[in-house]
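Comments concern the structure below.
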Amino acid sequence: MHIRDWPSSERPREKLLARGATVLSDAELLAIFLGSGLRGRDAVATGRDLLNAHGPLRTLLERGPVELAALPGLGPARASRLAAALELGGRYLAAGLERGEALTDPQAAGRYFAQRLRGHPHEVFAALFLDTRHRALAFEELFRGTVDGAEVHPREVVRRALAHNAAALIVGHNHPSGCSEPSAADRAVTVQLKQALALVDVRLLDHLVVGDGAPVSLASRGWV
């Protein structure tokens, strides 16, 4: 049975319009991008096949556009649409930070760091530089390491903060293992960064650790 023959309340597009995107399963969301299925299977079944063979969803979407295009049921056009959708989501989060949400809504910064850092196979340490009103000036990946860690140099962080004329910043890094619990080394480097930045009158607002699930804020634990 084709999707067009399903009850309207069960068709992915109609369900999204009537009840919102959050009610759709991962396979149903993929089906909207696919448009049609593969080899006699409907789009939802094809989406489910992709997730079973190449998922879960995060693993699937972390592939680059060229790699996505090579998967059965996708191809260049569909892979391009998926990659464009991910980039739109990232730019939407960035736009929120540009409106000043980095401080007034700490979860917005967490979502942004997660979108930028989650999925790297190695540890990446980044900084979001902010002006006096805590609006985003720039986001930079400053240090890269291995699956176990990245060496952070406070002097370089200070140098980049001065280059952007930043009044404050939020830093973050990912844990490729998926565990977002801050390590003793994470707490130690936070103290070092806060002290180094204070010497040039720049505030460290937070240090976010990105793993699976919601990022962990060291500021929320009183460690910044």
Radius of gyration and Dmax over the Cα atoms of the stretch 100-221, both given in Å | 13.0, 35
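So if I take the alpha carbon set of the chain, get Rg, then get Rh from the Kirkwood formula, what is the Rg over Rh ratio? Before the final figure, lay out each step's value.
Numbers: Rg = 20.5 Å, Rh = 19.3 Å.
Rg/Rh for the chain comes to 1.06.
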Only helices counted: for the chain, with every DSSP H run of 4 or more residues adding -39500 (n - 2.57) and the sum spread over all residues, [θ] at 222 nm is -13000 deg cm²/dmol
Check ARG203: other-chain or 5+ apart residues with amide H under 5 Å from its amide H, H built from backbone geometry?
-> ALA168, LEU169
Here the convex hull volume per residue of the stretch 11-138, taken over Cα atoms and given in Å³, is 122 Å³
Apply the membrane-span-like helix rule to the chain: whole DSSP H runs, Cα extent along the own long axis of at least 24 Å, mean Kyte-Doolittle hydropathy at least -0.5. List the helices found.
-> 75-96
How high is the relative contact order of the stretch 3-87, in percent, counting Cα pairs under 8 Å that sit 6 or more residues apart?
-> 19 percent
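Within the P(r) computed for the stretch 1-59, what percentage of the Cα pairs occupies the region above 19 Å?
Details: 420 of 1711 pairs.
Distances greater than 19 Å cover 25 percent of the Cα pairs.
Read-outs throughout are calculated quantities, based only on the coordinates presented, and are distinct from any laboratory measurement. Bear in mind that the values here come from a model prediction, so they are computed numbers and not experimental data.
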